[in-house]
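Just so it is clear, none of the values below were taken in a lab; they were calculated from the coordinates. Computed from a predicted model, the values in this text were never measured in an experiment. A quick note on method: Cβ atoms are made from the backbone with ideal geometry, for glycine too, and the neighbour counts reach across all protein chains shown.
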Amino acid sequence: MTELAIEIKGLHKIYRRGFLAKKEICAVRNLNLEIKSGEAWALVGPNGAGKTTTLHCLVGLLNPTSGSITIFGENPLSPDARRKVGFQSEIFFSYSYMNPVDGLKFYGRLSGLKDPDLKERVTKALNLAGLSDCLFQTMGTFSKGMMQRVGLAQSILHDPSVIIWDEPSTGLDPEGRRLVMDLILKLKSEGKTVLLSTHILSDIERVCDHISIINKGGILLSESIDSLLTKHSGKTLEDIYLETVRGKADAQ
Amino acid sequence: MRSRILAITGNSLLELHKRKVSYLAVVLVILVSIAPTYLKHKLFMFGIADYKLGYVYQDFVISSFKLLSLLGLLASILLASGSLEYEVMRRTLSSVITRPIQRWEYLLGRLFGVIAFYALIILSGIVCIYLFALLLNFSVPDLFLWGVLERFFQGVALITVAFSLGVLTSSISALLTLLVAVFFALLLPHIPADIHLSIGVAKNIVHYTTPSDWISDYFTRSVYQGEVEFNFLKNSLVMLENLMYGAVFFLLSALIFTKRDIKLKDS
C-alpha cells in the first residue's frame, strides 16, 4: 500500500480580527485531504476559497484552529517533516542584496546541506529553474518572473519528497510556465509528491493526477482527473470546475 | 542546530552591512575617539602641559568609552527592536521559517546578529583606546577590560529585552522600544544626579525588577578609576544575572512567536 504523504483531518482555520479579536473569519472549515506519496495533486478554487490558508497551515506558517495535519505521519512543524517539504509562496521574496547563488546557499544551510554537496545542488537547482545566465546578479534587480524562478529553485534545492507550490506560474512568461509544468512532470517521475494551487486548469489537466475543488473553506469535489473527465465526457476540466463551483454556490 | 543559527546570524550581520548600518559604526568610533579631546577644550596631543598626563588619559578613556557604549547601545537597541519587523516587511520571513529550523533558532540567530554588531562597536572602541595608549606610551587601567565586559553584558541584556519587545509588539515595536531604550539609557551610570532624582520612581521600579541592579554605577565607574576592590565572583554573578534577565524576555518572546501566525498577505 502506498504511503500517505499528506494527511489533513478536519482542518479549521479561523482568523480573528478587530478590537479584542472578536470578529471571526472562517477561512477553512472541516477540510479533509489524503495525498499518497508520488501523486501530483491540484488544489483549485475561486479567490478567497481557502487554498493559500490550507497550504500555509501545511508548511507551518499558520497554526490550525482545530484539526490535524501530518506529513509522512509527522507533525509539519517538526524539523524532520520540514526537511521533506519544499515550499514556494505565491510571490517569492528574497534578500535583495544577495545573488541567487548566495541566496540558495543560505537556504541550503538552513536545510542542513553542507559543502561540497550544497554547491552542487545550488548549481543544479538554478539550472533547472533556468537561471544559469544570471547567477551573480543581485536579486534586487530581478523581475517578478525571475524571482519566481528563484523561488522554484529554492523549493527543490534540498531534494524534498513533498513539493508544495502556491500558484507557481504567477508572473511567469509562457516559457516559464512550460518550465513549471516540465518540472512537475520531472518531479513526478522521480516519485515526489506535488501539491499545487493554481487557476490554470489546462496546466492541471496536463500534469496532475488528482484535483480538489475548494470554495468557502470546504472541499466541494475531490477526485482523480481521469475519472472526472470520463464521468463528464465531452466536458473540459474548466466546465466541470465552473459547474461545481456555481452549482454548489447556488445550492448554498 | 549551530550551523542554522550561525547562518541566520551571518545573514543578519550582512543585512546590517547592506543597510549601511556599518557606516554608522565607523562614524561612531571615529566621533567618539575624537570627541573627548574637544570636550576638554584642549587638543589631546598639544594641551598636555595644563594637565597631569595620567588624568588626561584616564578622562579620555572614561569619556570616550562611555559615549561609545551609550551610542552603540542605543543604535543596537533600535536595530534589535525592528529586526524581526524588517524581515516581515520585506516578506522574506516565510522562505526562512518554512525551512527545517525551529522558530526560536531563527530568533536566536537574528538576536546574535545584533549582538555581534554591538560587540564590533565595543571592540573597535577598545582597539582605538589601546592604539592611543600605545601611541602615547601609557598603560590602560588594570581593570578596564573587565569593566568593558560588564558594560557589554549589560548591553546584551538591554538588546535582548528590546529584541524580545520587538517580537512581542510587532507593529508598534519601534516606538515602544525607543521609549524603553531612552528609559534605560537615562539610567545608565553617567547621568547627572538631578536627572537621577527626577526619575526616582522609575529607578525604583527597575531596581526591584532587575536582579542585577544595573542602575548602580558603583562597578563600571569605579573600575575605570581603580577605586574599587575587585571581586571576581561577585562581578561574574552580576554579568550572569544580566544574561538571565535577557534570557527570560527572550524565552517569553520565543514562546509567543512559536504560536504566532505568519501572515504573508497582510504583512
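I want to make sure I understand the PRE zone here: with the label point 7 angstrom from the Cα of residue B:104 toward its beta carbon, which residues in segment A:46-83 have backbone N atoms less than 17 Å away? Flagged as within label range: A:77-80.
Charge tally for residue A:154 (other residues, Cβ to Cβ under 11 Å; Lys, Arg +1; Asp, Glu -1): +4.
Put a plus charge on the Cβ of each Lys and Arg, a minus charge on the Cβ of each Asp and Glu, and nothing anywhere else: the dipole of segment A:46-142 about its Cα centre is then about 120 debye. For chain A, a simple Cβ point-charge model (Lys and Arg +1, Asp and Glu -1, everything else neutral) yields a dipole of about 800 debye relative to the Cα centre.
Computed from Cα positions, the angle between helix A:100-110 and the longest principal axis of chain A comes to roughly 70 degrees. On the basis of the beta-carbon distance and an R0 of 22 Å, residue B:251 and residue B:1 show a calculated FRET efficiency of 0.85. Each residue of segment A:60-75 is assigned a 3J(HN,Hα), and the resulting list reads x, 6, 10, 9, x, 5, 7, x, 10, 10, 9, 10, 6, x, 10, 4 Hz, derived from the Karplus form 6.51 cos²θ - 1.76 cosθ + 1.60 (θ = phi - 60°), x at Gly and Pro.
Note on residue A:190 and residue B:232: the model spin-label points, each 7 Å out from Cα along the C-beta direction, lie 5.6 nm apart.
Taking every DSSP beta bridge with both residues inside chain A, roughly what % is antiparallel (nearest 5)? The antiparallel proportion sits near 55 percent.
Taking all Cα pairs closer than 8 Å and separated by 6 or more residues, the relative contact order of chain A comes to 25 percent.
Within segment A:88-150, all pairs of alpha-carbon atoms sorted by distance into 5 Å bins from zero give the percentages 4, 19, 31, 27, 15, 4, 0. Using the Cβ-Cβ distance between residue A:120 and residue A:182 with R0 set to 22 Å, the FRET efficiency works out to roughly 0.55. Potential lengthening of the chain between residue B:135 and residue B:119 amounts to 3.4 nm, from the contour at 0.36 nm per residue minus the alpha-carbon distance. Can you give the angle from 0 to 90° between the axis of helix A:144-156 and the longest principal axis of chain A, with both taken from C-alpha atoms, to the nearest 10? The answer is roughly 90 degrees.
Measuring between alpha carbons in the structure, the pairs from A:84/A:119; A:119/B:263; A:51/A:114; A:22/A:216; A:23/A:192 lying more than 29 angstrom apart are A:119/B:263; A:51/A:114; A:23/A:192. Each Lys or Arg adds one and each Asp or Glu takes one away; over the other residues whose Cβ falls under 13 Å from the Cβ of residue A:81, this sums to +1. For residue A:4 and residue B:89, the FRET efficiency from 1/(1 + (r/R0)^6), where r spans their Cβ atoms and R0 equals 30 Å, is about 0.20.
For a quick check, take a GNM of chain A with Cα springs below 10 Å and name the residue from A:161, A:169, A:143 with the largest mean-square fluctuation. Sorting by GNM fluctuation, first place goes to A:143. Remark: segment A:88-150 carries a charge dipole of roughly 80 debye about the Cα centre, counting +1 on each Lys and Arg Cβ and -1 on each Asp and Glu Cβ.
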